[in-house]
Amino acid sequence: MATLIHTLADHSDDVNCCAFSPSLLATCSLDKTVRIYSLSDFTELSYSPLKGHTYAVHCCCFSPLGHLLASCSTDGTTMVWDTRDGQVLAVLGQPSGSPVRVCRFSPESTYLVSGAADGSVVLWNVQSLKLYRSGSVKDGSLVACAFSPNGNCFVTGSSWGDITIWDDTMRCLYNEKAHDLGVTCCDISSHPISDGEHGSRCFQMASCGQDNKVKIWLILFADSLGVELRYKCTLSGHSAPVLACAFSYDGQMLVSGSVDKCVIIYETNTGNILHTLSQHTRYVTTCVFAPCTALLATGSMDKTVNIWQFDSKQPCAGNTVENESEVAVQNWSEDDVSAWLCAQGLTDLVGLFKRNNIDGKELLHLTKESLTNELKIESLGLRSKILQKIEELRMKMVSVSVAIPDEFLCPITRELMKEPVIAADGYSYEKEAMENWISNKRRSSPMTNLPLHSLMLTPNRTLKMAISRWLETQQK
């Protein structure tokens, strides 16, 4: 069952896009603003709304870990914001100056794509925030974009109706007419499947358009043939142009929103309609599932964003993680580890981990050295991503198994500290959180509110060792 639990009505004009991070919700609008809300209670953050664009904001998206937010606008720019304080990190002008309709981060935060009304598409390097590569579609405006979970390619959709697959060098790998009257949105499921014919690994992609249709496609990766887009089926239900579509995190559901003012939620495997939501009073322009909780956000030209929650018995965007927690990670089989890798967008590593017999216990003990020397993973970015995902898994294990001792929690973030430091007030804080506190020109103690006589931060190695020992006891 889908239940409406909250409605946000802060925008003064049409809502164009919604985006989730693990802890935040972003919305953007024709009113030129981006608004940020906490998922804990749906209150707007102190630095929101974000004001920087001079015209309508069409799209917004979070980086995979949620540290960055990108937004794009009719003003011809894509802006990158720091989600910790709302500060602008970069204003990326489309080389042609054309209105930017869509933006997306790659799965490893290596690239940011921006697509514009003149058909131009730009790959920006996220680390340097500089232009990396650019290209363009043959006809129409570029209005939709989605990355494959492995980050090897991305898909764009145009108002002319074409779906185009690109690699990360901006080489066109495939092009096909998908919707006669124009594509409006596309999304790729993060869970790989077999094509059932040749055993090739593939991902499901959904596209929707002005032809009132939602289509499901398979993106197949074959070493000899490159990339192929194969039509699978069409989902019925809408009576007017479909403006948005998105998969749930676990790939079990697909949601779409339409000019008919309805939101339809399908079961991906069967195409059956699970829910039809009709609370919006004007066109539904955006819909997106949260990555870590059973939430769905839908936005509309009625200036509102509705937040929906799913019954825990329903397939939803987060059940995969919760179900995995029922079996202690250290007791995972090699197949369990393979399923976890796929859920994290690390499908390419399944074979390597199986060849090295990595089960749950081995997974938890992987280090930078073992990834480099034993598994021979050369990419620094990939090693960092694996270790980050393992650390998130450890934190999840801790949070579901036992309360964390209060002295191990950062007073600022209330999260388990990884790099505790001692400040001049004598209290220990997470290093990054305290550095951010100071960088925001705060010169008082977060605990006492008294002035800090020094801004020096000293590593608290004793506390770090205590936290490490405690974590080890939780994993036994």
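Considering only the stretch 1-23, how many residues are of a type in the set (A, V, I, L, M, F, W, C) and crowded, with 19+ Cβ neighbours inside 10 Å?
Qualifying residue count for the region: 7.
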* To do: Take the stretch 456-476 and flag every residue that is surrounded by 10 or more Cβ atoms within 10 Å (Cβ to Cβ), modelled with pLDDT under 90 and outside any helix (DSSP H, G or I).
  => Gln475
* Asked: Quick one: which strands (runs of 3 or more DSSP E) sit completely within the stretch 1-47 and have at least 3 residues that are at pLDDT below 95?
  -> 2-8
* Considering Asp162, Asp139, which residue is among the acidic types (Asp, Glu) and free of Cβ contacts under 8 Å to residues at least 24 places away in the same chain? -> Asp139
* Structure fact -> Quick count over the stretch 348-380, residues being more than 17 Å from Gln330 (Cα to Cα) and surrounded by 13 or more Cβ atoms within 10 Å (Cβ to Cβ), is 10
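Considering only the stretch 159-168, I want to know if a residue exists there that is of a type in the set (D, E, K, R) and open to solvent by less than 50 Å² (accessible area, probe 1.4 Å).
Yes, the conditions are met somewhere in the stretch 159-168.
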* Any chance the stretch 425-432 includes a residue that's in contact with a strand residue (DSSP E or B) (Cβ under 7 Å, 6 or more places away or on another chain), at pLDDT 80 or above and part of a helix (DSSP H, G or I)? -> yes
* To do: Keeping to the stretch 109-133, report how many residues are under 19 Å from Ile163 (Cβ atoms) and part of a loop (DSSP other than H, G, I, E, B).
  => 3
* Asked: Out of all the residues in the stretch 398-408, is one or more of a type outside the set (Ser, Thr, Tyr), open to solvent by less than 30 Å² (accessible area, probe 1.4 Å) and modelled with pLDDT of 90 or more?
  -> no
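Which ones in the stretch 48-66 are closer than 23 Å to Phe147 by Cβ, assigned to a loop (DSSP other than H, G, I, E, B) and touching a Ser or Thr at 6+ places or on another chain (Cβ under 6 Å)?
Ser63, Pro64, Gly66
Have a look at Ser63, Ser109, Ser96, Ser136 and point out the one that is within 18 Å of the chain's Cα centre (by Cα), modelled with pLDDT under 95, small (Gly, Ala, Ser) and farther than 18 Å from Val34 by Cα.
Numbers: Ser63 fails: farther than 18 Å from Val34 by Cα; Ser96 fails: within 18 Å of the chain's Cα centre (by Cα); Ser136 fails: within 18 Å of the chain's Cα centre (by Cα).
Checking each option against the conditions leaves just Ser109.
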* Asked: Thr169: more than 15 Å from Ile216 (Cβ to Cβ) and either at pLDDT 90 or above or under 21 Å from the mean Cα position of the chain (by Cα) (or both), yes or no?
  -> no
* **Breaking point among (1) modelled with pLDDT under 80; (2) hydrophobic (A, V, I, L, M, F, W, C); (3) in contact with a His (Cβ under 8 Å, 6 or more places away or on another chain), for Ile307** => (1)
* Asked: Name the pairs whose Cβ atoms lie under 7 Å apart, with the first residue in the stretch 84-104 and open to solvent by 40 Å² or more (accessible area, probe 1.4 Å), the second of a type in the set (D, E, K, R), and 6 or more positions between them or separate chains?
  -> Leu89/Asp82; Ser96/Asp118
* To do: Under 9 Å between Cβ atoms, at least 6 apart or on separate chains: pull out the pairs that start in the stretch 22-43 with a residue that is at positive phi and end on any residue that is assigned to a loop (DSSP other than H, G, I, E, B) and aromatic (Phe, Trp, Tyr).
  => Lys32/Tyr55
* **Residues that are in contact (Cβ under 8 Å) with a residue 40 or more places away in the chain and closer than 19 Å to Leu30 by Cβ, drawn from the stretch 62-80** => Leu69, Ala70, Ser71, Cys72, Ser73, Gly76, Thr78
* Could you please find all residues in the stretch 168-193 being within 14 Å of Phe105 (Cα to Cα) and in a strand (DSSP E or B)? => Asp187, Ile188
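The values are calculated or read from the model by the stated rules, or taken from the named source; none is laboratory data. Since we're looking at a predicted model, the values are computed, not measured. Methodologically, a virtual Cβ is constructed for each residue, glycine included, from the backbone with ideal geometry; neighbour enumeration extends over all protein chains shown. We work out accessible area using only protein heavy atoms, side chains counted, and drop any ligands, DNA or RNA first. Shrake-Rupley method; radii C 1.70, N 1.55, O 1.52, S 1.80 Å.
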